[in-house]
Amino acid sequence: DVKVTQSSRYLVKWTGEKVFLECVQDMDHENMFWYRQDPGLGLRLIYFSYDVKMKEKGDIPEGYSVSREKKERFSLILESASTNQTSMYLCASSSGTENYGYTFGSGTRLTVV
Amino acid sequence: EDQVTQSPEALRLQEGESSSLNCSYTVSGLRGLFWYRQDPGKGPEFLFTLYSAGEEKEKERLKATLTKKESFLHITAPKPEDSATYLCAAAGAGSYQLTFGKGTKLSVIP
């Protein structure tokens with residue numbers, strides 16, 4: 001089975017800190033995605049990547065950046081964390097040539113204080 | 001623009017009381033309709049993929065069906081452990097991104 005591993009389940013950070021959320025997948029998937037999930041708003045796409053060193057903005061990229069230096073790793077960066085970035089962050093991956101369904105990581109619950 | 005709408009937002013059932021969750025979609029060139037289960041504080045877990053109208057898939061007490069405009073997740077004789085949020089998502093032509101609904105939160109009361 002494909003596994004998508006997010007480095008932290010829970011994080012608490014100070015306002016203004018630079019925050020790194022790491023995601024690693026082990027099935028050679030081309031596509032990787034970062035979402036945030038908030039009550040009543042559902043899943044909202046932050047950034048995605050179709051290949052190494054490639055990135056595309058999603059629906060809510062402001063305040064975030066990403067890095068994909070290796071195929072298996074997709075990092076989400078909060079340049080200067082703010083309290084409105086408190087949320088559940090979900091990473092997902094999918095194959096570019098087969099079933100288009102995602103495999104999700106277990107999520108990172110980020111609290112910015 | 002692709003859209004996926006799920007109803008109801010929340011559903012409370014007595015244990016053993018069968019029901020259905022609805023997922024309406026407007027997607028150009030549907031390449032797949034997906035159902036996920038999400039437990040509180042965890043990432044969504046894949047349940048089913050449906051590719052064409054008329055297709056059905058089953059897993060334990062769950063059965064997913066697909067028409068040209070909707071998908072249903074039927075839950076037969078649910079148990080408390082079926083309590084979760086169920087997400088529906090669609091893949092349209094020309095995109096590897098999924099369009100998600102906001103989910104249905106199912107509570108099964110003993």
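The values are calculated or read from the model by the stated rules, or taken from the named source; none is laboratory data. The model shown is predicted, which means the values in this text are computed figures rather than measured ones. So basically every Cβ, Gly included, is an ideal-geometry build from the backbone, and we count neighbours across all protein chains shown. Calculation scope for accessible area: heavy atoms of the full protein, side chains included, ligands and nucleic acids excluded. Shrake-Rupley method; radii C 1.70, N 1.55, O 1.52, S 1.80 Å.
Antiparallel DSSP bridges in the stretch A:4-112: what percent, to the nearest 5? Close to 90 percent. Residue-wise HN-Hα couplings along the stretch B:43-49, as the Karplus relation 6.51 cos²θ - 1.76 cosθ + 1.60 with θ = phi - 60° gives them from phi, are x, x, 10, 5, 10, 9, 10 Hz; Gly and Pro carry x.
Lysines within cross-link reach of residue B:42: Cα-Cα under 23 Å, excluding same-chain residues under 8 positions apart? Of all the lysines, those that pass the test against residue B:42 - Cα under 23 Å, at least 8 places apart if same chain - are A:3, A:13, B:59, B:63, B:79, B:102, B:105.
For chain B, excluding the exposed loop sites themselves (GluC sites (Glu not before Pro), DSSP loop, at most 14 other Cβ atoms within 10 Å), the longest remaining stretch covers B:61-110.
What relative contact order, as a whole-number percentage, does chain A give when Cα pairs under 8 Å and 6 or more residues apart are counted? Before the final figure, lay out the partial values.
Numbers: 299 pairs, mean separation 40.8, N = 113.
Computed value for chain A: 36 percent relative contact order.
Which of B:92, B:6, B:46 sits farthest toward the positive end of the charge dipole of the stretch B:3-109, with +1 on the Cβ of Lys and Arg and -1 on the Cβ of Asp and Glu? Toward the positive end, the furthest listed residue is B:92. Measuring with a 1.4 angstrom probe and ignoring ligands and nucleic acids, residue A:77 comes out at about 20 Å² accessible.
Counting residues in chain B as N, plug N into 2.2 N^0.38 Å and put the Cα Rg over that result. Write out the running numbers ahead of the final one.
Numbers: Rg = 13.4 Å, N = 110, 2.2 N^0.38 = 13.1 Å.
With N residues counted in chain B, Rg over 2.2 N^0.38 Å equals 1.02.
When A:18, B:57 are compared by accessible area at a 1.4 angstrom probe, the order from most to least is A:18, B:57.
If B:12, A:44 are ordered by their accessible area, calculated over protein heavy atoms with a 1.4 Å probe, which sequence runs from highest to lowest?
Working: B:12 175, A:44 65 Å².
These residues rank, largest area first, as B:12, A:44.
Dividing the Cα radius of gyration of chain A by its Kirkwood radius returns 0.95 for Rg/Rh. Under a 5 Å amide H cut-off, with hydrogens placed 1.01 Å from N, residue B:12 pairs with B:107 among residues at least 5 apart or on other chains. Our summary gives chain B a relative contact order of 37 percent, counting only alpha carbon pairs under 8 angstrom and 6 or more residues apart. Straight-line cross-link partners of residue A:55 among the lysines, defined as a Cα under 18 Å from its Cα and at least 8 positions apart when in the same chain: A:70, A:71. Largest to smallest in accessible area, the residues A:7, A:95 fall in the order A:7, A:95 (1.4 Å probe, all protein chains included).
Between residue B:28 and residue A:80, the FRET efficiency estimated from the beta carbon spacing at R0 = 35 angstrom works out to 0.35. For chain B, modelled as a GNM whose springs connect Cα atoms under 10 angstrom apart, the maximal fluctuation among B:71, B:52, B:95 occurs at B:95. Under 17 Å from a point placed 7 Å out from the Cα of residue A:62 along the Cα-to-Cβ direction: which residues of the stretch A:38-52 have their backbone N that close? Counting only backbone N, you get A:44-47.
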